[in-house]
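Read through the structure below, which is laid out as structure tokens, and then see the notes.
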Amino acid sequence: MAKECIICNAYLEYLEKDELMECVICHKKENSKTRCINGHYVCNECHTKGMDSIIQLCLEESSKNPIDIIHKLMCQSFCHMHGPEHHVIVGVALLTAYKNSGGEIDLSDALIEMINRGKSVPGGVCGFWGACGAGISSGIFISIISKSTPLTNRPFSLSNQMTSIALEKIGKVGGPRCCKRDSFLSILSAIDFVEQHFNISMEKSQIICDYSLQNNQCIGKRCPFSKNNIL
């Protein structure tokens, strides 16, 4: 079976209530519902260590295809099969492809803002909040390019619409979790949304999942990106 705990490879477990846990790497104490069955807890910051390299990678990227970009990000050492890093890299891939497709943004500033906002969405929210972080990330992306705030009109509307569309796609496929599947669904939804509302055409490509053997909860043929459904 694929490894889950980044300390001992054991299965993760999700508790009904928050418990005070100590990160085995940095020793920070905080409340969480998630640990491995051997008791190891790793905080979001330690789980995504090295993610700051995203900025330079994306500033050097020329692709107009956010699917290609997120595949590259998923290959980086900070990205695991599951985890809160996906709450950042969905929006990062979209911002980079949007800029390369003609979108008028300061990419460096936008990436910093995306990282800061995305990192504030904790792991496990797909099950505990009823709102997958990958879907939320697509909404953050729209909020950044539209300059949305709680007081804006159309940008507020568009960013919430984007999140709802992505979450609907994710919800219709159903669980259990797959951060890769939900990231792909969110990006595909955002590509169409941006073309419709911002008149920017990002490129897209067929997605064939190569992660199933790393995912102990893979849903197989029920996944729209399963090799069995495409090949």
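Summary table below
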item: Test: residue in region 141-161 that is assigned to a helix (DSSP H, G or I), closer than 30 Å to E16 by Cα and in contact (Cβ under 8 Å) with a residue 24 or more places away in the chain; result: no
item: Failed item, numbered, when R117 is tested on (1) within 24 Å of A190 (Cα to Cα); (2) touching an Asp or Glu at 6+ places or on another chain (Cβ under 9 Å); (3) among the basic types (K, R); result: (2)
item: Among (1) at negative phi; (2) surrounded by 13 or more Cβ atoms within 10 Å (Cβ to Cβ), the one test that W129 misses; result: (2)
item: Elements of type helices (runs of 4 or more DSSP H) contained in region 23-139, each with 1 or more residues being closer than 17 Å to V194 by Cα and either without any contact (Cβ under 8 Å) to a residue 12 or more places away in the chain or within 19 Å of the chain's Cα centre (by Cα) (or both); result: 66-74, 86-100, 107-118
item: Close pairs from region 192-203: first free of Cβ contacts under 8 Å to residues at least 40 places away in the same chain and of a type outside the set (S, T, N, Q), partner surrounded by 15 or more Cβ atoms within 10 Å (Cβ to Cβ) and not in a helix (DSSP H, G or I), Cβ under 8 Å, at least 6 apart; result: E195/M202
item: Residue within region 80-96 that is open to solvent by 10 Å² or more (accessible area, probe 1.4 Å) and of a type in the set (S, T, Y) present; result: no
item: Any hit, region 42-62, residues being of a type in the set (A, V, I, L, M), open to solvent by 30 Å² or more (accessible area, probe 1.4 Å) and touching an Asp or Glu at 6+ places or on another chain (Cβ under 9 Å); result: no
item: Residue match in region 199-208 (condition: in a loop (DSSP other than H, G, I, E, B), open to solvent by 20 Å² or more (accessible area, probe 1.4 Å) and within 30 Å of S32 (Cα to Cα)); result: no
item: Complete set of residues in region 162-198 that are of a type in the set (D, E, K, R), at pLDDT 95 or above and open to solvent by 40 Å² or more (accessible area, probe 1.4 Å); result: E168, K169, K172, D192, E195
item: K180, sole failed condition from (1) in contact with a Ser or Thr (Cβ under 7 Å, 6 or more places away or on another chain); (2) in contact (Cβ under 8 Å) with a residue 24 or more places away in the chain; result: (1)
item: Subset of region 162-181 [of a type in the set (G, A, S) and either assigned to a helix (DSSP H, G or I) or under 16 Å from F198 (Cβ atoms) (or both)]; result: S164, A166, G171
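The values are calculated or read from the model by the stated rules, or taken from the named source; none is laboratory data. Just so it is clear, the structure is predicted and the values come from calculations on it, not from any experiment. Ideal geometry is used to build each Cβ from the backbone, glycine not excepted, and the neighbour counts take in all protein chains shown. With ligands, DNA and RNA removed, areas are computed over all heavy atoms of the protein, side chains included. Shrake-Rupley method; radii C 1.70, N 1.55, O 1.52, S 1.80 Å.
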